[in-house]
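Any read-out appearing in this document is the output of simple, stated calculations on the displayed coordinates, not a laboratory observation. Predicted model, so just to flag it, every value in this text is computed and none were measured. Cβ atoms come from the backbone with ideal geometry, glycine included; neighbour counts cover every protein chain shown.
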Amino acid sequence: MKILVLGSGAREHAIVKALIRTGTDPSNITCAPGNGGISQEVKTVSLNINDPDAVKAWALDAQSDLVVIGPEAPLVAGVSDALRSAGIAVFGPSKAAAALEGSKAFAKDVMAAADVPTGMARKCTSVSEVEQALEAFGAPYVVKADGLAAGKGVIVTSDKQAALDHANTFLSQGMEILVEEFLDGEEVSLFFLADGITVVPLSPAQDFKRAYDNDEGPNTGGMGAYSPLPWLPEGFVSEVQEGVALPTVRELARQGTPFVGLLYCGLIVTSKGIRVIEFNARFGDPETQVVLRRLLTPLSGLLHKAATGQLAAVLEPEFSKDVAVTVVLASEGYPVTSAPDREITGLEVNDIHVEIAHAATKDLDGKLFTTGGRVLSVVSIAKTFHKARKRAYKAIANIKLEGSHYRTDIALKVDEGKDD
Ligand code: AMP
Ligand code: GLY
């Protein structure tokens, strides 16, 4: 099977690695545009992945059997629709179904129609509406921009002025604002493969969204993750499948916008039960690095069956009993300011349990340079979280990149048994 993977992040590198690990021949994988790490493993092509016609022409010419879309931008640009209309199997929802991620208000409407548990929220289009909603829900305040904001659209704060300022920033850009009830509890990311009708769960993971240790600092795209979550109650995955993923996919099908691809359920386990905080229409980054690191079932078959409406015939994917931890290395100033391109060294790893998923790297005459943002994810696997943490942190400590930073407490609580 010839597979084209779209994207250039650590998520896409993890997808490529998982395809290879579970049996796909690297010569059958192409990644567009890829990055400095991906290009060391498979062929990469320079392609504008947000241009539906360009992607379609390339995939037709290369006779791709499957296109896997990593990031949200090509989904929103309608790349899946163009590929599907050309008869190419594509793992990634249509532009219309991807609105589940792009519009938080649309997601709330779908959840209301499908009776999916989520936090109470109010849509606001003016500062005075925001003020009233903040007053109604009380502190801590949760304010979300209703649109793609690269992980920076959400603020959770007890500072009312900061909540108002955040709302103002996005209102002045013409976006709607959602003020939400604060949900207290552990966060879980649970991915489902969806073929429009059937959903198949992967293994739960936890993401660390804040920039600094002890969940301090601004929200980011994600600074680390681990999987599985041993502290989850028995039956958690089936409960989310029956109560969240299936009703959502059924409601989207009923509306004529079937969801084919990865349904990312962002959940909070509150004292009153499971609540959805967000949906994404794609694999999460960095959760994918740990979830797919543990996958034993061939990934190409799973993605192809999802893309071609055949998930009903799929048994639940198998995962290793080993645990996986990933720690993200971010460039100086992330997520607030961007850093100049800099050389990065120390990426050689001589432990088979550790691998590096590249994100913002590029190869220049045999030297690796970083291009800002989240630079890479170190991913490790072990029998215990203690060992997996040790392996990941040993590898990341060897990496040299001026001004870079990473969290030192990824999977610390679960290692110490404090999440039970
Ligand atoms: P989102 O982009 O909606 O996933 O929000 C980013 C992060 O903000 C989440 O991962 C949570 O840590 C936090 N968050 C979002 N909504 C809520 C909420 N209603 N209550 C508490 N924390 C939230
Ligand atoms: N790690 C969160 C996300 O991918 O949206």
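Modelled this way, with points 7 Å down the Cα-to-C-beta line, the labels at Phe182 and Asp61 are 5.4 nm from one another. In the chain, the DSSP-assigned H stretches of four residues or longer account for a calculated mean residue ellipticity at 222 nm of -8000 deg cm²/dmol, using -39500 (n - 2.57) per stretch and the full residue count as denominator. Neighbour counts of C-beta atoms inside 10 Å place Trp58, Trp231 in the sequence Trp231, Trp58, starting with the fewest. Given region 245-384, what whole percent of its Cα pairs are spread farther than 23 Å? Taking all Cα-Cα pairs of region 245-384, the fraction more than 23 Å apart is 54 percent. Were the residues from Thr384 through Met1 laid out at 0.36 nm apart, the gain over their Cα-Cα distance would be 134.4 nm. In this structure, the pairs whose alpha-carbon distance is over 30 Å, taken from Lys43/Lys367; Lys321/Lys390; Lys104/Lys209; Lys160/Lys400, are Lys160/Lys400. Since only Ala312, Asn168, Gly243 are under comparison, the one whose Cα sits farthest along the positive direction of the charge dipole of the chain, derived from C-beta charges on Lys, Arg, Asp and Glu, is Ala312. Rounded to the nearest whole Hz, the Karplus-based 3J(HN,Hα) values (6.51 cos²θ - 1.76 cosθ + 1.60, θ = phi - 60°) of region 346-356 follow the sequence x, 8, 6, 10, 10, 10, 5, 8, 10, 9, 10, with x at glycine and proline. Remark on Ala382: its backbone amide H falls under 5 Å from those of Val323, a criterion applied only to residues 5 or more positions apart or on other chains, H modelled at 1.01 Å from N.
Applied to region 261-270, the Karplus parametrisation 6.51 cos²θ - 1.76 cosθ + 1.60 on θ = phi - 60° returns per-residue 3J(HN,Hα) values of x, 9, 9, 9, 9, x, 10, 10, 8, 8 Hz, with x for Gly and Pro. First measure r as the distance between the Cβ atoms of Ala112 and Asp25, then evaluate 1/(1 + (r/R0)^6) with R0 = 45 Å and state the FRET efficiency to the nearest 0.05. Calculated transfer efficiency: 0.45. Ranked for footprinting exposure by Cβ neighbours inside 10 Å, fewest first, Leu295, Leu66, Leu6, Leu83 give Leu295, Leu66, Leu83, Leu6.
On full extension, the segment bounded by Tyr212 and Thr308 gains 30.4 nm, given 0.36 nm per residue less the C-alpha separation.
Neighbour counts of other Cβ atoms within 10 Å put Val244, Val354 in the fewest-to-most order Val354, Val244.
Derived scalar couplings between HN and Hα for region 370-386 equal 9, 10, x, x, 7, 8, 6, 10, 8, 10, 10, 10, 6, 6, 10, 5, 4 Hz in order, rounded to whole Hz, by the Karplus curve 6.51 cos²θ - 1.76 cosθ + 1.60 (θ = phi - 60°), x for Gly and Pro.
Considering only alpha-carbon pairs that sit under 8 angstrom and 6 or more positions apart, the relative contact order computed for region 195-266 is 37 percent.
Rounded to two decimals, the Cα-based Rg/Rh of the chain, with Kirkwood Rh, is 0.94.
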